[in-house]
Every structure is written in C-alpha cells, then in structure tokens.
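Some notes on the structure that comes next.
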Amino acid sequence: MFPYLKADENQISDIINNTTSCQVEQVLSSERPDFQGFLSLLSPVAADFLEAMRQKAQVNRLRHFGRTVSFYAPLYISNKCVNSCKYCDFNINHKFDRKDLSLDDIMLEAQALKSQGIDSLLLVAGEDPKGVTIEYLEATAKILKKLFSYISIEVAPLEESDYKRLFAAGIDGVTLYQETYNQPLYADLHPAGPKRDYMYRLSTHLRAGKAGMRNLGMGFLLGLYDWRLEAASLAAHSIYVRKHCWRSKIQYSFPRITPIEDQFEVPLPVNEKELEQLMLAFRITFPESDMTVSTRETAEFRNRIIQTCAANMSAGSKVTPGGYAIEADKDVGQFSLNDNRSVSEVKRDIESLDYEPVSKYWDKLFVCD
Ligand code: SF4
C-alpha cells in the first residue's frame, strides 16, 4: 500500500469487501465522496451500479472539461534501458537492436507528428544514464518547444534541480507510474537497476511539483496486483502529492499491462468492465483532475470512456524510437497497441460523438512564470 496511509491493506480490503448496496447509493447521492466513499465505489457491490456511476461521472466530466477532448502523441526518443522490469519488453535482458535518437532524428519525428496536427507531445525514454542525460533532454526540449505548445516527459525519475532545468527548457509535465504500490511485489518485479528504489520513485512527483512542473501524471500498471488495493493507494498518493504541490494538476492514467513478446504472464488481469468501474470511481471522486486513456485500449472503449471519464487521449501512437518518420516498424515496441487509428480518424470519431477534439493542450501566455 501507499506507505503513508494510516490504514493497512487488511483494513482497506475490509472496507471495500464489506461495502453494501445502501452505502454505494449514499455515496452516489452525495456531492463528492470522501476517501471511504471512494473505496465503496471500487467495491464488488458497486459493479452493479455502473450505469448510475456513468451518469454521475459524466456530470463531473462535462462540468470541468466541457465537451473537449485534448489529444497528444508519445515520441519515443530512446529504447535503451538499464533496468530489468520483468513486465517490460525494453528490459536490459531482452536482446534486440536499441537506439537513442539524435537531435536531427528527433526533429524528423517531430515534424512528422506536427504535419498530422499534433501540438502536445509526451517524450518517452527508458532509463539510460549514459545516453538520456539531463543535457540531452534539455537540448531536446529546446528544439521541440519551437514546434509544440505543450511537452511532457515520461523518463527515469530525476532530481528536483534537473526538473527545474527541464522546466526552464520548456517541459511542463512529468508522467511517472509507480507500477505497483505493493513493496514486496515491487522488489520482485524490479530485481536489478536503479528502479529498485521504491521510495525514490514514490517521491518523484513531489520533486517535479516543487520544481514547477504544471502537470503530474500518475498511475499504476493494471494487472500486476489487486486493482482495488492499487487504486486505493493511487488515490491516497495523489491526495498526498496535491497537498504538497497544490499548484500542479494531477493527471491519472490507467494502463493495462499488454506485453508484446508473451514473456511475462500477467498475474491478475483486469477486464474492461473493471477498468471502467475504476475510471468512474476516480472521475466521481476527483472531478477536477485530468484523466487520460491509453492506446492500449480499443477504439470502442476509448470512444465510450471519453464521454464519461477521460478528457485526454493519445492518437496515432507509435511506441518505438523513429516510429513516425524513420523506418522502425520492425523494432520492438514497449507494449502492444489496441487502437491503431490515425490522428485524423481519432478526431473524426470524437466529432461524431459531438465532442470537440483539441490539439493544443497548453498555451504559454507569458515569457516567464
Ligand atoms: S518499464 Fe521503463 S524502466 Fe522498466 S525496463 Fe521498461 S523502459 Fe526500462
């Protein structure tokens, strides 16, 4: 569990598993659930209230985000990694040709994305202390900020001083998943490499928020452990981060684990109905927080969930370095995709649902903060 929670795993489980229908109805009729109410919405009993949860979530979603859906694309700049995460195809033990993109290559990729109408970018890299240095990230941010309104990063955890440098260079957001909040499982899944340090990872959002990052992306990998307990930890973690970094916005993601190479058997798979219940519980409890839905999910699911929960989604994603402009489709990606629509197809579908696709996620008005 999130280590600063007063309740232990057994107590949280008891609350979730002993929730009654009457309690779920009470939570759904309240203005905003407290933490205990949130746990009720995760319960097995609440799975029978999905339609009522959808309606309540949709009210929150429309109140805080209108009918807009902002979209972005990930740009993989390196698939080199010194870590050994058992569930990831980029882990150090997996032998394949790896690369990190030169600044020229990054510019080619960026121009390909720009020509598709992408204006918000998520830079993604494995943990490679020799290749993906702070200087490399800083130089990348400086060339890309001329092309994109909003750039965030999903890279290895950094020091606060590094986040300050990147913020000054044009990075506005940091996404980092704890993967699992269960510490013994975390140790087992990360047998070697710097990522073994659970507590350093856990405090990443605090360092990024203190450095000024405006958007803090949080989540866990669905399928590694009991999703209800992980959700309780994520909610507690995000409340803790918000308390300390109140000027930053929280963005939740719920990536279901989808390995490519079948080398990892997902211990506790989460089905689509459970994923929807989880997202609805977060939208109802944290109405003002942002939420994104991954291309790991099908187009049908994504089209449905943007109407009740998520106001942000990726589009036209490639998960290999060089996947947009440089021939790289034969390379190993980080995970498999279930939505292969192009950016224009995603936009068309959003419009057909009477929602408005927005490519500009963030707009800088001032030359200084
Ligand atoms: S999950 Fe991240 S840190 Fe772990 S092996 Fe994959 S790329 Fe590396």
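The values are calculated or read from the model by the stated rules, or taken from the named source; none is laboratory data. As the structure is a prediction and not an experimental result, all values here were calculated from the model. For neighbour counting, all protein chains shown are included, and Cβ atoms are generated from backbone atoms with ideal geometry for every residue, glycine included. In case anyone asks, the SASA skips ligands and DNA or RNA and just uses the protein heavy atoms, side chains included. Shrake-Rupley method; radii C 1.70, N 1.55, O 1.52, S 1.80 Å.
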| note | Taking region 129-144 and keeping only residues that are surrounded by fewer than 20 Cβ atoms within 10 Å (Cβ to Cβ) and within 12 Å of the ligand (Cβ to nearest atom), one is left with PRO129
| Can you name the condition, by its number, that LYS86 falls short on among (1) within 16 Å of the ligand (Cβ to nearest atom); (2) under 16 Å from THR320 (Cα atoms)? | (2)
| said: For region 175-195, give me each residue that is among the charged types (D, E, K, R) and within 19 Å of TYR4 (Cα to Cα). | reply: GLU179
| task | For region 153-188, name all the residues that are within 16 Å of the ligand (Cβ to nearest atom), open to solvent by 10 Å² or more (accessible area, probe 1.4 Å) and under 17 Å from VAL241 (Cβ atoms). | result | GLU154, PRO157, LEU158, THR175, TYR177, GLU179
| Given the conditions (1) touching a residue at least 24 places away in the same chain (Cβ under 8 Å); (2) assigned to a helix (DSSP H, G or I), which single one is not true for VAL69? | (2)
| Odd one out for GLN55, checked against (1) under 26 Å from LEU278 (Cα atoms); (2) within 16 Å of the ligand (Cβ to nearest atom) | (2)
| said: For region 223-235, which positions are out of contact with any helix residue (DSSP H, G or I) (no Cβ under 7 Å at 6 or more places or on another chain) and either of a type in the set (S, T, N, Q) or open to solvent by less than 10 Å² (accessible area, probe 1.4 Å) (or both)? | reply: GLY223, GLU230, SER233, LEU234
| For LYS6, all conditions in the list (1) surrounded by fewer than 16 Cβ atoms within 10 Å (Cβ to Cβ); (2) assigned to a loop (DSSP other than H, G, I, E, B); (3) in contact (Cβ under 8 Å) with a residue 60 or more places away in the chain hold save one; what is the number of the exception? | (3)
| In the set ALA52, ALA110, which member is free of Cβ contacts under 8 Å to residues at least 40 places away in the same chain, within 30 Å of GLU138 (Cβ to Cβ) and in contact with a Leu (Cβ under 7 Å, 6 or more places away or on another chain)? | ALA110
| field | Single unsatisfied condition, ASP34 versus (1) farther than 21 Å from ALA141 by Cβ; (2) touching a residue at least 24 places away in the same chain (Cβ under 8 Å) | value | (2)
| task | Mind counting the residues in region 71-87 that are within 30 Å of PHE286 (Cα to Cα) and surrounded by fewer than 21 Cβ atoms within 10 Å (Cβ to Cβ)? | result | 0
| said: Of all residues being open to solvent by less than 50 Å² (accessible area, probe 1.4 Å) and not charged (D, E, K, R) in region 335-352, which is modelled with the lowest pLDDT? Just the residue, please. | reply: PHE335
| field | Candidates GLU265, GLU274 - the one that is open to solvent by 10 Å² or more (accessible area, probe 1.4 Å) and touching a residue at least 40 places away in the same chain (Cβ under 8 Å) | value | GLU274
| query | Which of the residues spanning region 191-215 are more than 23 Å from ASP8 (Cα to Cα), more than 18 Å from the chain's Cα centre (by Cα) and within 16 Å of the ligand (Cβ to nearest atom)? | reply | PRO191, ALA192, GLY193, PRO194
